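I have placed the structure first, in the form of structure tokens, so that the comments after it can refer back to it.
Bear in mind these aren't lab numbers, they're just calculated from the coordinates by the rules spelled out. All figures in this text were calculated on a predicted structure; none of them were measured in a lab. So basically every Cβ, Gly included, is an ideal-geometry build from the backbone, and we count neighbours across all protein chains shown.
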Amino acid sequence: MFSTSFGDLAHYSFLRTRNASLKSQMTTLSKEVVTGRTTDPTARLGGDLTYLSGVEHTLNKLDSYQTTVSEVRTFANSAQTRMEQIRDIALENRDVILGLPDQINTVNVAGVGQDAREDLDVVIGSLNGNVGGRSIFAGTGTDGPALNDADTLMTALVAEVSALVSSTDIKTAVDNWFNDPAGFDAVMYTGSPDLMAPIEISDHQAVQVSVLATDDAFKSTIKGLALAALTEEAGLSLSDTTSLSLVKMSGAELTSSNDKMIQRQADIGFMESRIESISVRNISEITSLNIAKNKMLEVDPYESQSKLEEVQTQLELLFQVTARSFDLSLQRYI
């Protein structure tokens, strides 16, 4: 009959405990050899974790800033892209108008009016763009579009000028409607009158990337296209002379809007430059702090490797003792 004495049990318990201890040490030392960093910061720093905690707090804050930087950068880039698209449309229509022959006919005018009406949809669509579900040009009203559709615009303008005959009177009425708070802003704008607040992307530094769809640059572009589009409105009975004059006024307005758009794009471009500059500084600080953190937690690789080899040797000896004590093979024991 097989029997086990108390001494055998105690010996087995000791071997099992020692085996667990050596395996734990080997795991710890292996990790230190691979990472080059201590697995016990408290012991490594003599129990004083104040500086390490401060470094990690700053790193976490900078990581958070960099996440915000990425979001703000995307928002600004999207705004810039859409503004460039709007400006390109304005220039394309302007160039077509300026390139019309002196002896312009109704066919030419009709073509310009139709193109302008189609481009109004594109421009308003661009101003209603969003990034990550946040409207770009609606101020703090980021949960919805910035403008009503082009049909709403043209219906309002037709009602405003329907009783007028001369192109000068029509242009004046259109100007007044776009400038009147009860006109374009009230009828078309569906966003908030408040700009989005500056966003902090580093300690004591914030950027404000916010342009409203009611900005003069956008309104001037929309007005220029609308003047040409009025020539194709069925609700108006415009003479050929009036239509031709309105098309030419449209070209002049689009020329003016180009200068305004360049300025707004420059404003956004300046913010994009600031974002990149601050991001570079954040990354530089993150790098410096990580170096400092690694210095605090680094271990001597040669010392760790030596200890690891020592523990491995002890573990192999333990396997041999265990095998002899219990008549086991190393393979079965593992």
At a threshold of 8 angstrom on Cα-Cα distance, excluding pairs fewer than six apart, so keeping six or more, what relative contact order does the stretch 183-288 reach in percent?
28
What FRET efficiency would be calculated for the residue pair Ala186, Asp143, taking the C-beta separation as r and a Förster radius of 25 Å, to the nearest 0.05?
0.80
Would you list Val165, Val131 from fewest to most Cβ contacts within 10 Å?
Val165, Val131
Quick calc, Gln263 & Ser239: beta-carbon distance into FRET formula, R0 45 Å, rounding 0.05, result 0.80
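How much length, in nm to one decimal, is gained on full extension between Thr155 and Ile283, taken as 0.36 nm per residue of separation minus their Cα-Cα distance? Don't jump to the answer; show the numbers that get you there.
Details: separation 128, 0.36 × 128 = 46.08 nm, distance 5.22 nm.
Extending this stretch completely gives an extra 40.9 nm.
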Could you give each residue of the stretch 123-139 its phi-based ³J(HN,Hα) in whole Hz, using Karplus coefficients 6.51, -1.76, 1.60 with θ = phi - 60°, and x for Gly or Pro?
4, 5, x, 5, 5, 8, x, 9, 10, x, x, 10, 4, 7, 10, 10, x
Per the 1/(1 + (r/R0)^6) rule, R0 = 56 Å and r from the Cβ atoms of Ala206 and Thr27, FRET efficiency to 0.05 is 0.75
Asp194 versus Ile291: modelled label distance in nm, points set 7 Å from Cα along the beta carbon direction
4.4
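Which of Phe75, Phe137 comes first, and how do the rest follow, when ranked by fewest Cβ neighbours within 10 Å?
Numbers: Phe75 22, Phe137 26.
Ordered by Cβ neighbours within 10 Å, fewest first: Phe75, Phe137.
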